[in-house]
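For reference, the structure is listed below as structure tokens.
Quick note: the coordinates plus some simple rules give every number you see, no bench work behind them. The model shown is predicted, which means the values in this text are computed figures rather than measured ones. Cβ sites come from the backbone with ideal geometry, for glycine too, and all protein chains shown count toward neighbours.
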Amino acid sequence: MKVAAPLRNYFAPVFMRDNALIIAASWIVLLLVLNGVLVHGDIASIMADSRQTVFLTWGACWIVPGAVYAHYWRQVSTPQAPAVPGMIGAEFRAALVMTVLVILLIDLPFLVRGAPLIGMLALTLSGIVLSGSTMPPITSARGMPSQAWLWMTRARLALLAGLVLIGYQNRWFVQVLEAPLAFTVSLALAAGTILVALLWYLPVVMRGVIEGREQRQDARISRGRRKIASLAAISDWRPRLWPDAPVPAQFALPSGPIGMAVAGVGQYGIVFTIDLAIYYYSGDSWRATLHESAQQAMALICGLTAAQMSQSLLNRSGFALTFVAGRYGGRLHYSRSVFRAFVLNGVVRGIFVVAIGLVVPLWLRMLTPTAALSDGASIIVIILGGSLFGALPLFWHEFGGIGFAAFCAMFGYMFCYGGVFAALAAHGALALAIPATIAMIAGICGLTIYLIAPRRLATMDWPIDGEQV
């Protein structure tokens, strides 16, 4: 099979189908180009002092190749791919061509400003490898052994965490760009080799090697399950008044109050520790580091909570089975019940997230107890409003798809992240006004969606099993 045919697909509508990163990739490329055009000064000063450039470059190294590889994995992971002569090889070569174009797209704004070609190539290739964007997305991993997918996901997140830690230190950019040619050439060759190997060999690993490992792990997993059964019982314990509406599983609370508290402390502990390292090595004072880490950690966890909740609004699997049980009457009553359960559970999750997140700011005396109560109430409303943005695709029956759904969830995350950060960073006369204003905007938008979306949901198809939005 010639490479021209699969290469044309990257410039056809099929490339956008079920590709959640298209909109985000287009947006970050636009910002990268505008940043390259508008930022003045020599390339070394831009790389050394502009944190915005650091974020945009590393973000482009993750999201833009990820959009390309999402299509690649979809093609080579299909059951019929090995049966079509030359298909996997042609798709592999097409992906390599697109990788070259992606690297050129990322590096061009800096090359026109005088950045060294080999240095930028080494930096970009390293960023792509560190980001884990070559790993198969979940939509291309159907049929994979669950443990295999779990470990691949862990590896991808570990690489992404390394990307964040390294990329936040903008001095790394200058050190790579100004390194001797022997170093940059070696780094580019090593990163390029890893990239090519991952794209070529991971499909083989997905199809064969891991299945044997999975069978050997079954016995160990069964023994491990007995050990954690008692811990799971504690985590899942729920008091009598705990919300437990009979709606699809994606709307249910993840665990009982003990489990949610333990999970929340663990999430904050990990994010806060990473933020401490980032801000400390950025040269800030210890007090400023603690304050910035507390604000960043809470904003990030609240934003991720809103994004996770918003995704559940777009998954209609399980609707039909719970609806036919006859508890809710008509479809409209059922849809409204789903949204009521969503809001009730969102309030509970928001209370846990906010209560845990405000412990450190209160300990550092960044807030008074009265201000913490006021900010906490505002942040809960911001989380709910941000999560309801995920229901926006329900307003358009004919316009949607996983790309638009992911964009709405990302918008909710960005709104929640920015709103919580602004609420915690406000001081003086604005300390109460800013959180209240953002919460009012979130509340109005969320209430509008809450009133309109159930009626739209009631008129849509509800599949019996899973679906792709």
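Data table
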| item | result |
| --- | --- |
| Label point at T459 placed 7 Å out along Cα→Cβ; residues across segment 356-400 whose backbone nitrogen lies under 16 Å | 392-400 |
| ³J(HN,Hα), Karplus 6.51/-1.76/1.60, whole Hz, each residue of segment 406-419, x for Gly, Pro | 5, 5, 5, 5, 5, 4, x, 4, 5, 4, 5, 4, x, x |
| Calculated FRET value between I441 and L332, using beta carbons and R₀ = 25 Å, to 0.05 | 0.35 |
| L96/A12 FRET efficiency (R0 22 Å; Cβ-Cβ; nearest 0.05) | 0.75 |
| Inter-label distance for L432 and Q308, nm, one decimal - labels placed 7 Å from Cα along Cα-to-Cβ | 3.3 |
| Ordering of 123-132, 334-343, 447-456, 385-394 by packing [mean C-beta count within 10 Å, highest first] | 385-394, 123-132, 334-343, 447-456 |
| Ranked by how many other beta carbons lie within 10 Å on average, peptides 64-71, 371-378 from highest | 64-71, 371-378 |
| Virtual paramagnetic centre 7 Å along Cα→Cβ of T368, amide N under 20 Å, in segment 408-442 | 423-437 |
